[in-house]
Every structure is written in structure tokens, then in C-alpha cells.
1. Determine, yes or no, whether Pro170 is of a type outside the set (Ser, Thr, Tyr), open to solvent by 40 Å² or more (accessible area, probe 1.4 Å) and touching a residue at least 60 places away in the same chain (Cβ under 8 Å).
2. Mind checking whether some residue in the range 13-36 is open to solvent by less than 50 Å² (accessible area, probe 1.4 Å), acidic (Asp, Glu), at pLDDT below 95 and assigned to a loop (DSSP other than H, G, I, E, B)?
3. Identify all residues within the range 53-74 that are open to solvent by 20 Å² or more (accessible area, probe 1.4 Å) and over 26 Å from Leu281 (Cα atoms); write none if there are none.
4. Pairs, please: C-beta under 6 Å, at least 6 apart or cross-chain, first residue outside any helix (DSSP H, G or I) and in the range 293-317, second aliphatic (A, V, I, L, M) and open to solvent by less than 30 Å² (accessible area, probe 1.4 Å)?
5. Criterion first (within 17 Å of Thr67 (Cα to Cα), among the charged types (D, E, K, R) and either surrounded by 14 or more Cβ atoms within 10 Å (Cβ to Cβ) or touching a Gly at 6+ places or on another chain (Cβ under 9 Å) (or both)) does Arg110 satisfy it?
6. Tell me, which residue of the range 294-321 that is among the polar types (S, T, N, Q) and open to solvent by less than 20 Å² (accessible area, probe 1.4 Å) is farthest from Gln236 (Cα to Cα)?
7. Please give the number of the condition Ala280 fails out of (1) in a helix (DSSP H, G or I); (2) free of Cβ contacts under 8 Å to residues at least 24 places away in the same chain.
8. Considering Ala244, Ala211, Ala273, which residue is farther than 20 Å from Leu101 by Cβ and surrounded by fewer than 23 Cβ atoms within 10 Å (Cβ to Cβ)?
Amino acid sequence: MLHRWEDGRVSATLPQVVPGADLPDAVTIYEVGPRDGLQNESTVVPTAVKADFVRRLVAAGLGTVETTSFVSPRWVPQLADAEDLLTELGDEGLGHRRPVLVPNERGLDRAMEHGIGAIAIFGSATETFAQRNLGRSLAESVRMFAPVVRRALDSDLWVRAYVSMCFGDPWEGPVPVTQVADACESLMELGAHQLSLGDTIGTGTTGHVEALLLELERRGIGADVIGVHFHDTYGQALANTLTALRAGVRVVDASTGGLGGCPYARSATGNLATEDLVWALDGLGIRTGVDLGALVETSVWMAEQLGRPAPSRVVKALSGG
């Protein structure tokens, strides 16, 4: 349970630490709650609340926080206030550890007007999702991203490349590992610093994760430039994460409270909850720099803003909710 001290600080019961074999000493959590978490919510969260959310996450020890998305407001109305949010955050929303999602050059222009230091582009491993998400084929989407990445690199921005539908597609079904690797290669060849492998509908399993990482390594895309982004639709996100860590991955995407999904794939449920990830990593003695008590308190607060409980199992267990 959460324990509140006289000065208002909150601490949480912590797991017993028993280190596991073949695991790293430290992991970087790439927090996606303010962007990927809120973009699929039916409730449009006020800009001031979003800014407070980002600040609370940073205060809880999350160094990398993806803040918003510069897509068309018609596509994602929940994030239509991207400019206002960055204005509200000021310097707190800038730098290489505050990425924003940009779909094209227009999005990049809007983001750069606010002095951002990092961007993420969002590709696909399947043709159907590329068409539904970007209105373009896979090849056309890569051509669209090329000038975005080039201009970003010329401006000394940090660049991440997301690839969605890496472990299954609701329209096309199973996606061959080689097809996923082809999509990853095409984006990394543009010059991105980091690749995020997205299990958009949460159908991935541990063997599948191993196979994809091995294929990417064979093609020269090592685990040192890879992040993993697992949705927990079938309860496999933590198992898949540990498999990735044992294969050398050191960056894990997660969303505080387990918020999120994908507005273009109805079968996509919430992301791996940051609290569930931190509990598991704390128990393994893996450093994240995150204060679990402060994080749970933030999730409880955000759940109040959204008017519903947080999906995270750890939040429920520690908050009594």
C-alpha cells in the first residue's frame, strides 16, 4: 500500500530484490503516457493538466518523456494543443529527452518553431496499417519521412523511428519477421538514432521477440539502438520485455497507469504500465531512477482527471483501488 509521511511524501511497498541472470544493471524507461497514453482517450485533457502530468513524471524520475504529437488535429483531436503544451512547459519540454511525434515536414515545421530537441517518426511493418495511419504505402511513407529525418539531423535533433505492427496486424494477420526487418531497415537507413519495435495489438510472444531481434542483429541493427514497445492485450508485455532485455535491449517504452492504445487499430489496448515495469525491474535489482511511490501517486491523480481507475495492476495493488 501507499504510505504518506507527515511532509506529504508518498512511499510504496517495494518488492524483495532477487537479481536475475543475463539482465542489465540499468534500463532506460521511455515514457509515452502524455502522448501515446492520452491520444486514445475519449476525454480531452486540458493543456494545463497535461503539462502538470509531464512535470509529475519528470519529478518521479522519468528522464525521457514523449510529450505530444504534431499530427493534424483532425486525426488526433486529443493532442490538438501541441503548441500550447510546449508553450506551457517552456524549457521543461525541450531537449533530447523530450521527443515529440511528427508525421511529416509540416509537423516538423510546427515542432521546430517551438525549439524542440527530439522527434519521433511513426512507420509501419504492414501496408494496410501504413495506408490507414498515414494514407500512404510503405514505400511512400519512407519517402515522406526522408526529408523530415534529414532536416532534423541537420538541426542536431535526436531522432527515433517507431515501427508499428511488428508482431501482428488486425487486418493482415501474422507479419513475417523478414517483412518487419525490411521496414525497420528502411527507416534506420534514413539516419534515425533509435528504433522502437511496436507490438501494436499485443499479440507478440517471447519466441517471436527473440526471432525478430536476431534478424535485426543479422542485418546490423543491434540491440543497443533498439527500444521495445509492448501493449499488454494478452498479458505478455512484461514477459516480452524481459526477453528483450536478455537479448541486449536497454530501452523500454511504457505508459504511466497503463494508459493508451492506438486510434487506428481498435484491437490495440493499453501499453505496458510504467508502474508494472518498475515493480518488476526493482525486484530484479535493475536501476531505473524512478520513485515508484511518486509514480503511483501520479497515476492515481491522472485517473481522477480521466474519471476512471488506472489499468495498472501495481497501481491498483498499492493504492487500494
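1. Working: of a type outside the set (Ser, Thr, Tyr): yes; open to solvent by 40 Å² or more (accessible area, probe 1.4 Å): yes; touching a residue at least 60 places away in the same chain (Cβ under 8 Å): yes.
Against the criterion (of a type outside the set (Ser, Thr, Tyr), open to solvent by 40 Å² or more (accessible area, probe 1.4 Å) and touching a residue at least 60 places away in the same chain (Cβ under 8 Å)), Pro170 qualifies.
2. So the first thing to find is which residues in the range 13-36 are open to solvent by less than 50 Å² (accessible area, probe 1.4 Å), and the list is 15, 20, 23-24, 26-27, 29-36.
Adding the requirement that they be acidic (Asp, Glu) leaves 31, 36.
With at pLDDT below 95 added as a condition, the list becomes 36.
Still in the list and also assigned to a loop (DSSP other than H, G, I, E, B): none.
Checked the range 13-36: no residue is open to solvent by less than 50 Å² (accessible area, probe 1.4 Å), acidic (Asp, Glu), at pLDDT below 95 and assigned to a loop (DSSP other than H, G, I, E, B).
3. Filtering the range 53-74 for residues open to solvent by 20 Å² or more (accessible area, probe 1.4 Å) gives 55-56, 58-59, 61, 63, 72-74.
The answer is Ser72, Pro73, Arg74.
4. Final answer for the pair search is Pro309/Ala303; Ala310/Ala303; Ser312/Ala273.
5. On the way: within 17 Å of Thr67 (Cα to Cα): yes; among the charged types (D, E, K, R): yes; either surrounded by 14 or more Cβ atoms within 10 Å (Cβ to Cβ) or touching a Gly at 6+ places or on another chain (Cβ under 9 Å) (or both): yes.
So Arg110 fits the description; yes.
6. Narrowing the range 294-321 to residues among the polar types (S, T, N, Q): 298-299, 305, 312, 319.
Checking which are open to solvent by less than 20 Å² (accessible area, probe 1.4 Å) leaves us with 298-299, 312.
Details: Thr298: 24, Ser299: 22, Ser312: 14 Å.
Within the range 294-321, the match that is farthest from Gln236 (Cα to Cα) is Thr298.
7. Of the numbered conditions (1) in a helix (DSSP H, G or I); (2) free of Cβ contacts under 8 Å to residues at least 24 places away in the same chain, the odd one out for Ala280 is (2).
8. Numbers: Ala244 fails: surrounded by fewer than 23 Cβ atoms within 10 Å (Cβ to Cβ); Ala273 fails: surrounded by fewer than 23 Cβ atoms within 10 Å (Cβ to Cβ).
Being farther than 20 Å from Leu101 by Cβ and surrounded by fewer than 23 Cβ atoms within 10 Å (Cβ to Cβ) holds for just one of Ala244, Ala211, Ala273, which is Ala211.
The values are calculated or read from the model by the stated rules, or taken from the named source; none is laboratory data. Since this is a predicted model, take the numbers as computed values, not measurements. Please note: Cβ atoms are built from the backbone with ideal geometry, for glycine as well, and neighbour counts cover all protein chains shown. We work out accessible area using only protein heavy atoms, side chains counted, and drop any ligands, DNA or RNA first. Shrake-Rupley method; radii C 1.70, N 1.55, O 1.52, S 1.80 Å.
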